[in-house]
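The values are calculated or read from the model by the stated rules, or taken from the named source; none is laboratory data. As the structure is a prediction and not an experimental result, all values here were calculated from the model. Positions of Cβ are backbone-derived with ideal geometry, glycine not excepted, and every protein chain shown enters the neighbour counts. The accessibility values were calculated without ligands, DNA or RNA, using every heavy atom of the protein model including side chains. Shrake-Rupley method; radii C 1.70, N 1.55, O 1.52, S 1.80 Å.
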Amino acid sequence: MTTNEIRKLFLDFFKSKGHTIVPSDSLVPKDDPTVLFTGAGMNQFKEKFLGRNVTYKRAATCQKCLRTGDLDNVGKTSGHHTFFEMLGNFSFGDYFKKEAILWAWEFFTGNLKIDPVRLWASVYKDDEEAYGIWKDTVKIPGERILKLGEKDNFWPSEAPTKGPNGPCGPCSEIFYDYGKDVGCGKPGCTPACDCGRFVEVWNMVFTQYDRHPDDKLKPLPANNIDTGMGLERLASVMQGVKTNFEIDIFVPIISEIEKFSKTKGRASKAKANAIADHIRAVTFMIADGVMPSNEERGYVARKLIRRAASHGRDIGILRPFLYKLVTSVTDVMRSQYPEIIEKRDDIAQIVKKEEESFLFVIDNQLPKVEEAFEKMKARKDAGEIAEGAFNFYDTYGMPYEMLEEAAERHGLKIDEELFESFLERQRKLSRAKTKMKSEIFSETFAKKVEALDLRTEFLGYDKAHAKAKVLAVLGDGEVILDKTPFYGESGGQAGDWGKIETESGAMEVEDAKKIGQTIVHIGKMLRGTILKGEDARVFIDEATRRKVMANHTATHLLQAALRKVLGDHVRQTGSMVDSGHLRFDFTHMKKMDQREISRVEEIINGNIKDRIKVEKTIKSLEEARSEGATALFGEKYEDKVRVVTIGDVSKELCGGTHADNTNDIRVFKLISESSIASGVRRIEALTGEAALEWARKAEKCESLRLAAESAKEETKKAMQIRTKEELLKIDSIIARSKAVGASKIVAEMVENVDIECLRVLSDGMRTRERSIVMVLGTVIADKASFIVSVTDDLVDKGLNAGAIAKDIARLIEGSGGGKSGFAQGGGRSPDKLKASLNKISEDLGGRI
């Protein structure tokens, strides 16, 4: 049975049991800043588990998941992964233990035809209800039902005694028995033994308690079911293979890797397994909008690419190859995730660029690693070695294994505990930084709002003012209304400004944020106080809103223009629009040239001039996509979506506010284009009056630039004249030189010239004298400058222009240096320059 068949069978089975089949959520959790990645099927249902927005009571999914906690084990064991798919069925206050257990058994024994004798179960030691269902209803013999403690069979693990407080409950797991010929072979072997004979295939969490601060478990108002089953692990059971890496969706990827590999054997197989895992993870991360970078999610993507590339080097693959595996990944995963096919080429290009960047780091940093370890060789200081290795690991992304091998070549060993201590210190700094952000926006503010479970109706598509009821006042300047024309910051659009008035007070709204279904108005009190339950009059700042709408519509025109100029590979990865400017992030592998920038501006301003009507309609997601509407990279949408159409120029899914006509934008000016991550560019632009004001300032700056260039050119011409004048004096300068045997020493101050003139003069004297040392100085704008020039015969005798320059520089409080034949320098004490030249001249006389 193929993996695709198992996935479909599972979803069809639970659909027949009255479950809504919910598509996989993005790997990037929406509205949940507490986690970096979606790590379980239940993540997207957190609101429903809390009893909020329950639009269906039963759900089943196949969820894309990403975990990096066991990264070092990936490839080495049979079942560790970073990216994996989790099958799950969920109940939100509907069915409970009996149905969950019976359906699991029915699916295994009836649909998958697994021999019941191969299946064991475990329950929490105090969960007599679950034990009874397994024993009396399912009829599993008591010796195949394990009672385990809270560490193994409670969620969260050890919650009854150690917390955390909140929803929790016992678990029941189903294990598959590979048979007596596998594992330890002991007669009494059970799933509690980790010999490999048994594998856990399904975990059911019965969320029935609320843990309180007094450590007591109190029943929840409604019981929930949360189950999870790793698709890859189940496929290995059904396909009769020993490891997940031998199932049908891994074999084509690993076969491709082995074509590139130059080595064979068990170690090579483990490396190939890890590479296959990592490229799957990276492919889906990038498809969901996570671009390799040095920050948070992007850092994980970059780390996985670099680990995979490093594994590739270990098995003899020295050139970029990971990007070629993207096609293998998309081919085996396309039936469930067709969206990755259209993004395949973009993903491959991003991976290729990251690989090339990493190989460049290796080629440039590895010699420095070798040099650093060679210097440490004599001291063999464990702390110095570990810290040095960590710095290369943390700063340049050098793989630990590569650092370990380099240390061994120099007779050194990296102390893993010390290295880990540096790593943990860095993690704490990172966590502190992340915690600071999350406490402000999620742990305190957002969580407080979510706990209120309030819903704000948004009226702002059609209205600029309204009457409303005050639902809550969170603090001085934080108000929630039952309805509002204020757009709450979301989807890259800033919140509206405006005013709220009640009988008891008035508030100037400086921002609005959307948190779940709630819009919070944030600002400062103008008079009195606003009270919960009051009637309110609400007004947005219409002038500010019009600017925001113009900027937002301009981003849609920008994406269309970029695709027209640069190609269809361009996809939006993020944006931010407010009243002052717009910012647009998109996929593209190289810097835009001036011709491309000018063409984009030309197209957008042409669209503006054409006065195209901007239409906003509500459609089903399926209908919108069939019409070719563009969706945001990695975004998940509801069944009903808002479609913004600008003639035949642009059609996008978008919940933001927009201009009614492109002419409302007036003018578009692109002011910057830069790189923000591997394969991701950022454009910043202005519209309307802001664009015109920028142009006026730019024109003034251009005038100043031209005036400065003119002045610079005049100075250059004047200096050329002075140089010619001084060249005419070369004979008299040489005549004043000091003769030492067949050689001459020139030490002269030259007035009102630059250092380039001194260089030209020294070259002129070199053509006339075969053996000469020249020390020429000048003072311009209270700064001393000098040059030292020595002919080859005197260099052979031991004179060094660079050393002489350093001697002079010390005397005039400056710096200097260069090569043996020519050097230059300067200093802060111009009044000492002439005396310094004379002193050096005297010293040179005794050295020739």
What's the number of the condition Arg770 fails, among (1) open to solvent by 30 Å² or more (accessible area, probe 1.4 Å); (2) out of contact with any Phe, Trp or Tyr (no Cβ under 9 Å at 6 or more places or on another chain); (3) outside any loop (DSSP other than H, G, I, E, B); (4) of a type outside the set (Asp, Glu)? (3)
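Just checking: which of the strands (runs of 3 or more DSSP E) contained wholly in the range 575-685 hold 3 or more residues that are buried (at least 18 other Cβ atoms within 10 Å of the Cβ) and within 27 Å of the chain's Cα centre (by Cα)?
Because the criterion is at least 3 residues that are buried (at least 18 other Cβ atoms within 10 Å of the Cβ) and within 27 Å of the chain's Cα centre (by Cα), the strands (runs of 3 or more DSSP E) in the range 575-685 that meet it are 582-587, 668-677.
Pick from Ile114, Ile133, Ile140: which is open to solvent by 10 Å² or more (accessible area, probe 1.4 Å), part of a loop (DSSP other than H, G, I, E, B) and either among the hydrophobic types (A, V, I, L, M, F, W, C) or touching a Leu at 6+ places or on another chain (Cβ under 8 Å) (or both)?
Ile114
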Within the range 353-386, residues more than 22 Å from the chain's Cα centre (by Cα), aliphatic (A, V, I, L, M) and part of a helix (DSSP H, G or I) come out as Leu366, Val369, Ala372, Met376, Ala382, Ile385, Ala386
State whether one or more residues within the range 623-638 are of a type in the set (Asp, Glu) and modelled with pLDDT of 95 or more. no
Count of residues meeting criterion [of a type in the set (Lys, Arg) and free of Cβ contacts under 8 Å to residues at least 60 places away in the same chain] in the range 610-669: 7
Taking the range 15-59 on its own, how many of its residues are touching a residue at least 60 places away in the same chain (Cβ under 8 Å), surrounded by fewer than 17 Cβ atoms within 10 Å (Cβ to Cβ) and more than 31 Å from the chain's Cα centre (by Cα)? 2
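Which one of Gly798, Gly817, Gly825 is assigned to a strand (DSSP E or B) and surrounded by fewer than 18 Cβ atoms within 10 Å (Cβ to Cβ)?
Residue meeting the stated conditions: Gly817.
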Within the range 10-29, is there a residue that is under 24 Å from Val237 (Cα atoms) and either at pLDDT below 95 or in contact with an Asp or Glu (Cβ under 6 Å, 6 or more places away or on another chain) (or both)? yes
Within the range 259-289, considering residues that are assigned to a helix (DSSP H, G or I) and farther than 23 Å from Ala301 by Cβ, the one least open to solvent (accessible area, probe 1.4 Å): Ser268
Any idea which of Lys613, Lys609 is at pLDDT 90 or above and in contact with a strand residue (DSSP E or B) (Cβ under 7 Å, 6 or more places away or on another chain)? Lys613
What pairs can you find where one residue is in the range 333-349 and among the aliphatic types (A, V, I, L, M), the other is assigned to a helix (DSSP H, G or I) and open to solvent by less than 60 Å² (accessible area, probe 1.4 Å), and their Cβ atoms are less than 6 Å apart, with a gap of 6+ or different chains? Ile340/Ala287; Ile340/Thr330; Ile341/Thr330; Ile347/Thr283; Ile347/Ile286; Ile347/Val326; Ala348/Tyr323; Ala348/Val326
Could you pull out the residue among Lys242, Lys216 that is in contact (Cβ under 8 Å) with a residue 24 or more places away in the chain, open to solvent by 30 Å² or more (accessible area, probe 1.4 Å), farther than 26 Å from Ala60 by Cβ and not β-branched (Val, Ile, Thr)? Lys242
Would you tally the residues in the range 315-344 being modelled with pLDDT under 90, assigned to a helix (DSSP H, G or I) and surrounded by 17 or more Cβ atoms within 10 Å (Cβ to Cβ)? 0
Taking the range 381-395 on its own, how many of its residues are open to solvent by 20 Å² or more (accessible area, probe 1.4 Å) and either within 18 Å of His311 (Cβ to Cβ) or modelled with pLDDT of 85 or more (or both)? 8
